[in-house]
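The values are calculated or read from the model by the stated rules, or taken from the named source; none is laboratory data. Since the model is a prediction, treat every value here as computed from it, not as a measurement. Don't worry about glycine lacking a Cβ; one is built from the backbone with ideal geometry, like all the others, and counts go over all protein chains shown.
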Amino acid sequence: MALTGLTIAVLALQGAVTEHMHSVERCGASALAVRRAAQLSGVDGLIIPGGESTTIGRLSGLYGFREAICSLAAAGKPVLGTCAGAILLARRVDGQDPIIPLMDIAVVRNAFGRQRESFETDMAIPALGAEPYCGVFIRAPLISSVGAEVEVLASYGAGVVFARQKNLLAVAFHPELTDDLRLHQYFLNMAAANR
Ligand code: GLN
């Protein structure tokens, strides 16, 4: 599917914003760093990057992004939450209130340990093709349970690390930190199909 002409917003409140923008651009689409909710009108999809979910969550409330992101998702636009972004989208967050509870998933923050326990691992992700996919995990959350509407796209250890609910994707690892563009392409294909 042609990915040129698509404009993907990257929530630019905190975290790995430019890395996601580069991945989107390398796929042939345009990336827009959004700092105001009004900038979401007219975009073809949204990426909520990794970073610190407490910070991104607080700023998203302050700047009116929570309602805007719910409207975007309700309009069928694809939303990809990576790492902290996945925590933002979860309906249940272990030990705290949810932030933008759009996806029927439960997450446990920092489930793989602290920063120095960060790791990379090859995983089988059939939705992205037969080649193994290298997942980069940095203070990553684990998706500890998923609802009936949620499709599991990848698991690692005791839980789920990549899940889809209709137009919403939650990813525990960092696809923007590798040269492998397949996960961004998968997301952009969702945006192209919805255009
Ligand atoms: N541990 C962070 C949090 O709980 C997420 C880490 C990340 O996005 N790399 O918000």
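Here are a few things to note about the model shown:
- Checked against the criteria, PHE162 counts as of a type in the set (Phe, Trp, Tyr), without any contact (Cβ under 8 Å) to a residue 40 or more places away in the chain, away from the ligand (no atom under 14 Å from the Cβ) and buried (at least 18 other Cβ atoms within 10 Å of the Cβ).
- On the stretch given as the stretch 12-36, residues that are of a type outside the set (S, T, N, Q) and assigned to a loop (DSSP other than H, G, I, E, B) total 9.
- Within the stretch 172-185, the residues that satisfy the criterion of being more than 10 Å from the ligand (Cβ to nearest atom) and either of a type in the set (S, T, N, Q) or surrounded by 22 or more Cβ atoms within 10 Å (Cβ to Cβ) (or both) are PRO175, GLU176, THR178, LEU183, HIS184, GLN185.
- Restricting attention to the stretch 81-92, the residues that are within 13 Å of the ligand (Cβ to nearest atom) and out of contact with any His (no Cβ under 7 Å at 6 or more places or on another chain) total 8.
- Qualifying position, being more than 16 Å from the chain's Cα centre (by Cα) and within 15 Å of the ligand (Cβ to nearest atom), among SER118, SER145: SER118
- All of (1) hydrophobic (A, V, I, L, M, F, W, C); (2) under 23 Å from ALA29 (Cα atoms); (3) at pLDDT below 95 hold for ALA158 with one exception: (2).
- Number of positions in the stretch 58-80 that are more than 15 Å from VAL34 (Cα to Cα) and either within 14 Å of the chain's Cα centre (by Cα) or among the basic types (Lys, Arg) (or both): 4
- In the set GLY50, GLY45, GLY15, only one residue is modelled with pLDDT of 95 or more, within 20 Å of PHE162 (Cβ to Cβ), touching a Cys at 6+ places or on another chain (Cβ under 7 Å) and not polar (S, T, N, Q); that residue is GLY50.
- Scanning the stretch 121-142 for residues that are away from the ligand (no atom under 15 Å from the Cβ), aliphatic (A, V, I, L, M) and over 21 Å from PRO78 (Cα atoms) returns MET123, ALA124, ALA130.
For (1) under 24 Å from ILE138 (Cβ atoms); (2) touching a Gly at 6+ places or on another chain (Cβ under 6 Å); (3) more than 9 Å from the ligand (Cβ to nearest atom), each residue gets a yes or a no:
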position: ALA38; (1), (2), (3): no, no, yes
position: THR55; (1), (2), (3): yes, no, no
position: PHE65; (1), (2), (3): yes, no, yes
position: VAL79; (1), (2), (3): yes, no, yes
position: ASP94; (1), (2), (3): yes, no, yes
position: ASN110; (1), (2), (3): yes, no, no
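- ILE47 falls short on exactly one of the conditions (1) within 16 Å of the ligand (Cβ to nearest atom); (2) on the phi > 0 side of the Ramachandran plot, and that condition is (2).
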